[in-house]
Structure formats: C-alpha cells, structure tokens
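Accompanying notes for the structure given below.
The values are calculated or read from the model by the stated rules, or taken from the named source; none is laboratory data. Remember, it's a predicted structure, so these values are computed and weren't measured experimentally. Heads up, the Cβs are rebuilt from the backbone with ideal geometry, glycines too, and the neighbour counts pull from every protein chain shown. Quick note on the areas: whole protein, heavy atoms, side chains included, nothing else; ligands and nucleic acids left out. Shrake-Rupley method; radii C 1.70, N 1.55, O 1.52, S 1.80 Å.
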Amino acid sequence: MAEILKGVTCLLLIFIQKKGNLKQFAASLYDSIVVQYMDTLKLAVPSLIYTLQNNLQYVAISNLPAATFQVTYQLKILTTAVFSVLMLRKSLSRLQWLSLVLLFVGVAIVQVEQQQAGGRSPPGGQGMQQNYMVGLVAVVVSCLSSGFAGVYFEKILKGSAASVWLRNVQLGIFGTLLGLLGLWSTEGAAVAERGFFFGYTPLVWGVILNQAFGGLLVAVVVKYADNILKGFATSFSIVVSTVASIYLFDFHLNLLFALGAGLVIGAVYLYSLPKGPLASRSLAGTATEHQGHAAQSKELPSVTTDGFLSKSVLVN
C-alpha cells in the first residue's frame with residue numbers, strides 16, 4: 001500500500017506538470033515506461049534493494065530500541081559516501097571525511113553502551129522480546145543496501161532527463177510487484193482467508209502514510225531547501241526518538257549513549273556543510289555538474305528514501 005500511494009502521488013505530480021493535459025500525460029508515460037522499456041528495467045535493481053532494505057528496517061526496529069535504531073541507521077551516510085566515491089568518483093572534503101570518522105565513532109559508542117546494557121531492551125509493555133544482534137545485523141545490512149541503492153539511483157538520474165517523479169513511478173511498479181510477490185509467498189493463505197486489509201488499524205495506516213510520503217518529503221527538502229536543513233531535521237529526529245523512547249518504552253538514557261548520539265548528530269551536521277576551500281577537486285573533473293544534479297537527487301534514497309518498499313524508496 002505504501003508503494004501504491006507513493007506511485008499515485010507521483011503520477012498526480014506528473015499530471016500537474018503536464019498542466020492537466022490527459023493526452024500528453026498518457027503519451028509521456030507510455031513513451032517513458034513502455035517504449036523506453038530498457039530504461040525502465042534499470043530501476044528493477046534499486047527497487048529490489050529498496051524492498052529488501054525496508055523490510056530489514058522492520059526487523060531492525062522490532063529488535064532495537066527506537067533511539068538506538070535511529071542513531072545506528074545514520075551509518076547510511078557513511079555507506080552512501082563510500083559508494084559515491086567508488087561509483088560516481090565524487091570527492092569529499094577533509095571536513096566530510098572527519099565527520100564520517102566521528103559518525104563511526106559515535107555509532108560504535110552507542111553499540112558499546114548497548115552491549116553493556118545486556119544487548120536487550122525492555123519490551124515496552126508490548127510482550128515482544130528483542131534480539132539485539134538480529135536487530136544490529138539487520139540495520140547494518142539495511143545501511144549497506146541504502147548506500148548502494150541511493151548512489152545507483154542517483155547515477156541513473158544523472159544519466160537521463162527523466163524527472164524524479166517519473167523515476168519513482170518506475171520504482172513503484174517494481175516495488176509493488178516485488179511486494180505482492182513477497183506477500184503471496186509468506187502470507188498468501190492468510191490474505192485469501194481474511195482479506196487484504198485485515199488488521200489495517202489506524203496505527204498501521206499511520207505507518208503506511210509515513211513510509212509512502214516520508215521519502216518524497218526528503219526529496220522536496222533537498223530540492224527546495226538544502227542538505228544543512230536536512231541535517232538539522234535528522235538531528236532533531238534522533239532527539240525526538242530518544243525522548244519518546246524514554247516515555248513510551250522505559251529507555252534508559254546514560255552518559256555513554258548521550259556521548260555517542262551527540263557525536264552522530266555533530267557528524268550529520270558537519271557532513272551536510274557546503275564544501276569549503278579544503279575540498280579536493282573532483283576525481284572526474286566534473287564537480288560542478290555533479291553538484292548541480294545533487295541538488296535534486298542526493299540521498300534520494302535516501303529517501304529514500306529515503307526511499308522503496310517503501311522508504312525508498314525514494315529517499316531514505
């Protein structure tokens with residue numbers, strides 16, 4: 001449902017861009033998706049990865065305290081940076097490399113604190129026992145997949161004139177098919193017996209809406225604001241997650257966790273700062289072109305993007 005809602009939203013935005021001309025709208029979609037089918041198939045790779053990534057996020061958040069998950073998931077900045085250097089031949093400033101080191105140290109401190117706490121957190125009154133190692137592995141693999149898929153998606157965006165919204169429609173096609181396939185293979189009998197929308201409580205719909213529109217919102221922030229503002233938003237989300245965890249799940253905040261989270265917040269802010277005189281030249285000699293495109297596509301996925309099961313999608 002998150003994929004469908006995201007796809008419908010992007011289709012509506014494309015329709016608005018065509019000034020409500022239904023004929024141009026249909027012709028544009030047919031040409032971009034069907035006629036140029038090889039271009040569409042390129043999105044199958046990130047869509048598959050996004051589906052994996054978003055399901056892993058559910059596994060991770062089911063086995064980690066919300067605050068710990070929020071801090072650890074910022075490792076996606078590190079993985080995205082590494083893949084950007086390797087795949088897009090981007091350059092990072094010394095300040096950005098320093099911020100990545102601080103990020104890694106901050107996350108490591110949080111993990112040490114969790115290990116000292118026993119690697120398990122209280123079930124928060126929901127009767128669900130959490131497995132710390134399962135959650136940690138899930139979030140690390142999710143960060144790796146997020147980094148690769150995000151850079152791959154950015155590379156595709158830079159290689160064509162297609163809009164971000166069209167690319168998300170293409171992602172949504174594969175994401176919906178993959179989601180239905182996974183649903184059929186794991187819950188097919190239950191869906192056939194109880195119906196597709198069985199168990200869709202208001203809380204579930206809230207999660208779906210957050211997944212569907214969260215990634216699109218990040219894309220809008222990056223496009224119309226800047227990465228510094230996004231960095232502040234990320235930092236604020238860590239604080240909110242921590243405070244909410246204290247009140248909702250009896251999360252215990254100590255000095256070690258505060259230190260690690262503080263380093264992560266600082267690293268996010270430093271990494272989002274514009275490159276200064278210390279920035280090295282682009283390895284490919286096309287820094288200006290990359291930065292121009294990045295205003296629209298960086299971290300799409302992030303999201304995700306992000307990004308796509310939906311937090312893809314786009315921009316996780």
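L203: of a type outside the set (S, T, Y) and open to solvent by less than 80 Å² (accessible area, probe 1.4 Å), yes or no? So L203 does not fit the description; no.
The single condition from (1) at pLDDT below 85; (2) open to solvent by 40 Å² or more (accessible area, probe 1.4 Å) that Q130 fails is (2). Looking across segment 151-182, the residues that are more than 30 Å from G195 (Cα to Cα), open to solvent by 10 Å² or more (accessible area, probe 1.4 Å) and not hydroxyl-bearing (S, T, Y) come down to K155, I156, L157, K158, G159, A161, A162, V164, W165, L166. The residue list Y224, Y247 contains one member that is farther than 25 Å from Q53 by Cβ, modelled with pLDDT under 80, open to solvent by 30 Å² or more (accessible area, probe 1.4 Å) and not β-branched (V, I, T), which is Y224. Which of the residues belonging to segment 206-221 are surrounded by 19 or more Cβ atoms within 10 Å (Cβ to Cβ) and either closer than 30 Å to L273 by Cβ or at pLDDT below 70 (or both)? Selection gives Q211, G214, G215, L216, V218, A219. When segment 183-200 is filtered for residues that are more than 18 Å from A212 (Cα to Cα), assigned to a helix (DSSP H, G or I) and open to solvent by 50 Å² or more (accessible area, probe 1.4 Å), the ones remaining, listed by number, are W184, S185, T186, E187, A189, A192, E193, R194.
Which of the residues spanning segment 1-58 are touching a Lys or Arg at 6+ places or on another chain (Cβ under 6 Å) and either open to solvent by less than 70 Å² (accessible area, probe 1.4 Å) or not in a helix (DSSP H, G or I) (or both)? The answer is F25, N54. If you go through segment 78-91 and keep only what is open to solvent by less than 20 Å² (accessible area, probe 1.4 Å) and not polar (S, T, N, Q), you end up with A81, L88. Among the residues of segment 162-181, the ones that are hydrophobic (A, V, I, L, M, F, W, C) and under 18 Å from Q53 (Cβ atoms) come to 7 in all.
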